[in-house]
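Colleague: Got a structure for you, written out below as structure tokens; questions coming shortly.
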Amino acid sequence: MMIERLLTLSETCERSGIHPNTLRKWDKQGKIRVVRTVGCRRRIPESEVERLMDIAKPDTPKKP
């Protein structure tokens, strides 16, 4: 079994370009998968960050 890397909120923000408040809101709404540490710190699995980056990509304009 492979252990997935968990990223801090700031690491997730740096990688995805998503504002920390947005990530916190999505966590509260259950829109993203978050792991809590013993100290209640948020950790986001690397696979979830990749999923977020796909969702948050700006739409490219379609050529006519």
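The values are calculated or read from the model by the stated rules, or taken from the named source; none is laboratory data. As the structure is a prediction and not an experimental result, all values here were calculated from the model. Cβ coordinates were reconstructed from backbone atoms using ideal geometry, including for glycine residues, and neighbour counts include every protein chain displayed.
Colleague: Among Thr22, Thr12, which is within 15 Å of Ile55 (Cα to Cα) and in contact with a strand residue (DSSP E or B) (Cβ under 6 Å, 6 or more places away or on another chain)?
Modeller: Just a single option satisfies the conditions, and that option is Thr12.
Colleague: Those residues that are not aliphatic (A, V, I, L, M) and not in a loop (DSSP other than H, G, I, E, B), I need them from the range 1-14; list them, please.
Modeller: Ser10, Glu11, Thr12, Cys13, Glu14
Colleague: Taking interchain pairs and intrachain pairs at least six residues apart, which have beta carbon atoms under 7 angstrom, with the first residue in the range 37-64 and at negative phi and small (Gly, Ala, Ser) and the second modelled with pLDDT of 80 or more and outside any helix (DSSP H, G or I)?
Modeller: Ser47/Glu4; Ala56/Gly17; Ala56/Ile18
Colleague: Which members of the range 15-48 meet the condition of being in a helix (DSSP H, G or I) and surrounded by 12 or more Cβ atoms within 10 Å (Cβ to Cβ)?
Modeller: Those that are in a helix (DSSP H, G or I) and surrounded by 12 or more Cβ atoms within 10 Å (Cβ to Cβ): Arg15, Ser16, Pro20, Thr22, Leu23, Arg24, Lys25, Trp26, Asp27, Glu46, Glu48.
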